[in-house]
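Inspection log for the structure reproduced underneath, given as structure tokens.
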Amino acid sequence: MESPAAPKVLVLGIGNLVMSDDGIGVKVVQRLQREFRLPDRVEIMDGGTLGLDILPRLEGIEQLIVVDAVETGRPPGTLVRLSGDEIPLALETRLSPHQMGLKDLLAVSHLMGHSPREMILVGIQPGSIEMGTELTPEVELHVETMMAAVLEELKRCGIEVTPKEQQITLGPL
């Protein structure tokens, strides 16, 4: 049994599912929820287009892993890993309105003394944020890589992740 003092980890996927590649963060966390079993100290959350209503969810969080599309100026499909102070700087170039929401959320969380000890952004350069529910081919190619990057961050935090299909369920004997 884990101790009550065990660090809490939040994997937060953000984005707008009807703006093509902007929805990548939400799609990745939805797949993680469907395909993997995580310990109780880890929460996977579809943050959608965000808002300050998520603020209470940051209380007590030690590690925050954000999954999102992020403007890097690089070719579509380019993955990035940002940490700490790099995250607010990356959000200076606003990709979509929710990124201002993320920047505000992190700022208010800091002012209230609820900043996670560690913040990581697993991001990807979008190809398009036009209206549409499908990812562009350049971004679709990297969904598995983004999931692997999030799983690697969890592993780095000491979190053991188990694929759901490998769970053994014992029935009545």
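The values are calculated or read from the model by the stated rules, or taken from the named source; none is laboratory data. Not measured: the values here are computed from a predicted model. Reconstructed Cβ throughout: ideal geometry from the backbone, glycine too, with neighbour counts over all protein chains shown.
Within the range 97-150, the residues that satisfy the criterion of being at pLDDT 90 or above and part of a helix (DSSP H, G or I) are P137, E138, V139, E140, V143, E144, T145, M146, M147, A148, A149, V150. Every condition in (1) touching a strand residue (DSSP E or B) at 6+ places or on another chain (Cβ under 7 Å); (2) over 18 Å from V18 (Cβ atoms); (3) at pLDDT 90 or above holds for A90 except the one numbered (3). For the range 52-82, residues that are out of contact with any Pro (no Cβ under 9 Å at 6 or more places or on another chain), farther than 21 Å from S109 by Cα and of a type in the set (D, E, K, R) total 2. Sub-9 Å Cβ pairs linking a first residue in the range 138-151 that is touching a residue at least 24 places away in the same chain (Cβ under 8 Å) and farther than 15 Å from L32 by Cβ to a second residue that is among the basic types (K, R) and assigned to a helix (DSSP H, G or I), at least 6 apart or interchain, number zero.
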